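The values are calculated or read from the model by the stated rules, or taken from the named source; none is laboratory data. All values derive from a computational prediction rather than experimental measurement. Note that we place each Cβ from the backbone using ideal geometry, even for glycine, and neighbour counts take in every protein chain shown.
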Ligand code: ATP
Ligand code: MG
Ligand code: MG
Ligand code: MG
């Protein structure tokens with residue numbers, strides 16, 4: 001490829017609205033452009049990176065025996081009603097009505113569609129196991145799209161769904177996918193960890209997330225310094241639904257509050273997805289999703305929220321930690337006093353273990369008082385990482401825990417019969433009986449992987465691509481070529497030579513001043529740079545610079561190929 005045939009739109013200034021380095025650099029290097037909130041165009045240069053990432057994912061999925069399909073991105077509401085997710089999924093689901101007033105959604109994920117396909121196409125246990133995948137655009141109406149493609153509304157996902165006669169077969173594919181994901185992220189050259197994850201609202205037996213370690217990560221993960229133990233800290237915050245938990249105490253009381261604090265209202269106000277930063281704490285006597293207590297995960301969010309005022313209430317929001325409450329009142333948070341003040345309670349997540357809480361109920365003007373979900377409850381099934389700090393003993397008894405921030409780039413999940421039973425996806429067994437299929441699902445945020453790679457690979461001059469997904473492997477910059485036929489001819493010759501050798505090379509034939517051309521290429525982050533000029537030609541050499549190390553070298557003109565190996 002020649003730069004004269006490629007739109008290069010680099011920016012000198014860092015765009016003001018880009019908070020994290022990957023977002024800044026993707027804009028500055030001209031890889032993406034914003035259309036609207038959470039919607040981005042991939043520019044020609046950026047798309048090359050996305051396609052290379054996709055190719056690695058596809059190759060490894062194929063190697064693992066998965067079959068590629070491509071499902072529609074628009075999905076009929078009926079299927080989602082059948083799986084009971086039409087209501088449950090909430091506002092993240094973009095709902096559309098067609099000209100016949102039929103309801104659809106733009107798919108945030110494809111469990112329903114693939115299960116519908118399988119229930120029609122697969123009849124016998126002999127056709128199982130099977131694993132279908134696609135690499136396709138998803139839409140999630142994220143409450144707070146941010147960080148560019150890291151948390152976009154429209155993004156590219158590889159999603160796979162496997163179908164089995166029994167748990168043992170599911171486990172095998174799950175293990176294969178775990179290994180496949182490990183290979184994919186290794187090939188890209190990422191520093192990542194697989195961690196135990198919450199099976200959350202979907203249920204199911206086992207789940208792992210793959211996290212790229214980066215300080216900008218939205219998740220906190222804990223891992224042992226002396227074993228393979230690693231978990232998403234969020235894991236332990238999963239609160240069991242009412243009924244499964246020991247009876248919690250709560251009394252409904254009328255208090256002076258002009259509006260009800262539903263999860264939706266509060267999460268809208270906070271612009272934080274309920275699933276991420278808020279935990280619905282269910283207590284006896286309250287409907288699901290009806291009790292609102294806010295449990296924020298860290299100071300980061302608290303500070304952001306502090307800057308805002310609740311539009312509906314007169315009093316400013318009060319943010320407290322249990323320590324502050326105890327210090328001020330001597331009480332175990334029960335008397336923090338939002339009652340009557342119309343203040344949604346916002347507490348630090350350490351407060352989960354305290355007793356006698358007060359929180360809003362979903363009945364107008366009612367609050368629950370004396371809520372006690374903590375002290376007397378037994379430990380959750382999973383390791384309790386809620387208050388974990390670096391240096392704590394690892395739950396597996398081996399070593400101590402370290403805490404790091406992570407970007408979730410992949411997620412694998414044993415779904416069991418969750419969808420197949422609701423959609424009645426069955427096969428005939430060896431004995432001719434009808435049996436519900438067991439399922440697994442496996443996602444990779446392909447576009448997020450690109451952003452996460454930049455988070456880990458950059459310096460003050462720009463991106464430093466790992467070779468595997470770099471838009472080009474090599475850039476060849478002829479210096480002052482417009483003045484020298486000799487340089488032009490030799491550059492063309494080397495360019496052709498590299499192409500013939502299968503090297504993904506970019507010839508910078510824009511004729512810019514060398515400093516400007518070099519700055520562009522450093523910003524874009526191409527791993528190897530070759531510079532050809534009059535002086536080099538006189539001496540029979542070509543200059544070389546390695547983007548990552550900054551090391552410069554010279555090579556004989558006839559050994560260019562070896563230089564970039
Ligand atoms: P998150 O916790 O970041 O919201 P998720 O758990 O909702 O992600 P999954 O349903 O597990 O996401 O989807 C599979 C993968 O899709 C994720 O691991 C992530 O890499 C990617 N992904 C999810 N949401 C987004 C988004 N808004 N923008 C970009 N990638 C995303
Ligand atoms: Mg999400
Ligand atoms: Mg997640
Ligand atoms: Mg996930």
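Would you mind stating whether residue 412 is within 11 Å of the chain's Cα centre (by Cα) and assigned to a strand (DSSP E or B)? No: the conditions fail for residue 412.
If the condition is being surrounded by fewer than 24 Cβ atoms within 10 Å (Cβ to Cβ) and either touching a helix residue (DSSP H, G or I) at 6+ places or on another chain (Cβ under 7 Å) or without any contact (Cβ under 8 Å) to a residue 40 or more places away in the chain (or both), then the range 164-178 contributes 165, 168, 175.
Among the residues of the range 2-18, which ones are closer than 19 Å to residue 525 by Cβ and modelled with pLDDT under 95? The answer is 12, 13, 14, 15, 18.
Scanning the range 183-195 for residues that are under 16 Å from residue 53 (Cβ atoms) and without any contact (Cβ under 8 Å) to a residue 40 or more places away in the chain yields one hit, 186. Looking across 447, 434, one residue alone is under 14 Å from the mean Cα position of the chain (by Cα) and either surrounded by fewer than 18 Cβ atoms within 10 Å (Cβ to Cβ) or more than 12 Å from residue 188 (Cβ to Cβ) (or both). It is 447. Per the conditions (1) within 20 Å of residue 9 (Cα to Cα); (2) assigned to a helix (DSSP H, G or I); (3) touching a helix residue (DSSP H, G or I) at 6+ places or on another chain (Cβ under 7 Å), the sole criterion not satisfied by residue 477 is (2). Restricting attention to the range 497-516, which residues are within 19 Å of residue 541 (Cβ to Cβ) and part of a helix (DSSP H, G or I)? Across the range 497-516, the qualifying residues are 497, 498, 514.
Only one of the listed residues (502, 540) is exposed (fewer than 14 other Cβ atoms within 10 Å of the Cβ) and in contact with a strand residue (DSSP E or B) (Cβ under 9 Å, 6 or more places away or on another chain). That residue is 540. Residues of the range 447-464 that are more than 16 Å from ligand 3 (Cβ to nearest atom), touching a strand residue (DSSP E or B) at 6+ places or on another chain (Cβ under 7 Å) and in a helix (DSSP H, G or I): 454, 455, 456.
Regarding residue 412, is this residue over 30 Å from residue 119 (Cα atoms), touching a helix residue (DSSP H, G or I) at 6+ places or on another chain (Cβ under 6 Å), within 16 Å of ligand 4 (Cβ to nearest atom) and modelled with pLDDT of 95 or more? No; evaluated as a whole, the condition is false for this residue. The residues of the range 51-67 that are in contact with a strand residue (DSSP E or B) (Cβ under 6 Å, 6 or more places away or on another chain) and either surrounded by 13 or more Cβ atoms within 10 Å (Cβ to Cβ) or assigned to a helix (DSSP H, G or I) (or both), listed by number, are 54, 57, 61, 66.
Each row is one residue, and each column tells you yes or no for (1) within 11 Å of ligand 1 (Cβ to nearest atom); (2) in contact (Cβ under 8 Å) with a residue 40 or more places away in the chain; (3) not in a helix (DSSP H, G or I).
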| position | (1), (2), (3) |
| --- | --- |
| 104 | no, no, yes |
| 109 | yes, yes, yes |
| 117 | no, yes, no |
| 120 | no, no, no |
| 131 | no, yes, yes |
| 136 | no, yes, yes |
| 142 | yes, yes, yes |
| 162 | no, yes, yes |
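For the range 153-184, the set of residues classified as within 15 Å of ligand 4 (Cβ to nearest atom) and closer than 30 Å to residue 33 by Cα consists of 155, 157, 158, 159, 160, 181, listed by residue number. Hey, any hits in the range 12-26 for a residue that's within 30 Å of residue 422 (Cβ to Cβ) and touching a strand residue (DSSP E or B) at 6+ places or on another chain (Cβ under 9 Å)? Among the residues of the range 12-26, not one is within 30 Å of residue 422 (Cβ to Cβ) and touching a strand residue (DSSP E or B) at 6+ places or on another chain (Cβ under 9 Å), which makes the answer no. Tally time: how many residues in the range 1-28 are within 21 Å of residue 154 (Cα to Cα), in contact (Cβ under 8 Å) with a residue 40 or more places away in the chain and not in a helix (DSSP H, G or I)? Of the residues in that region, 3 qualify. Residues considered: 198, 166, 176, 219. Of these, the only one that is over 20 Å from residue 23 (Cβ atoms) and within 14 Å of ligand 3 (Cβ to nearest atom) is 198. Give me the residue from the range 144-160 that is at pLDDT 95 or above and part of a strand (DSSP E or B) and, out of that set, surrounded by the most Cβ atoms within 10 Å (Cβ to Cβ). Here the answer is 160. Scanning the range 480-491 for residues that are touching a strand residue (DSSP E or B) at 6+ places or on another chain (Cβ under 9 Å), touching a residue at least 12 places away in the same chain (Cβ under 8 Å) and assigned to a helix (DSSP H, G or I) returns 481, 487, 490, 491. Of everything in the range 103-140, what is farther than 22 Å from residue 62 by Cβ, touching a strand residue (DSSP E or B) at 6+ places or on another chain (Cβ under 8 Å) and away from ligand 3 (no atom under 16 Å from the Cβ)? Give them in sequence order. 103, 104, 105, 106, 107, 112, 115, 119, 123, 124, 125, 139 - these are the residues of the range 103-140 that are farther than 22 Å from residue 62 by Cβ, touching a strand residue (DSSP E or B) at 6+ places or on another chain (Cβ under 8 Å) and away from ligand 3 (no atom under 16 Å from the Cβ).
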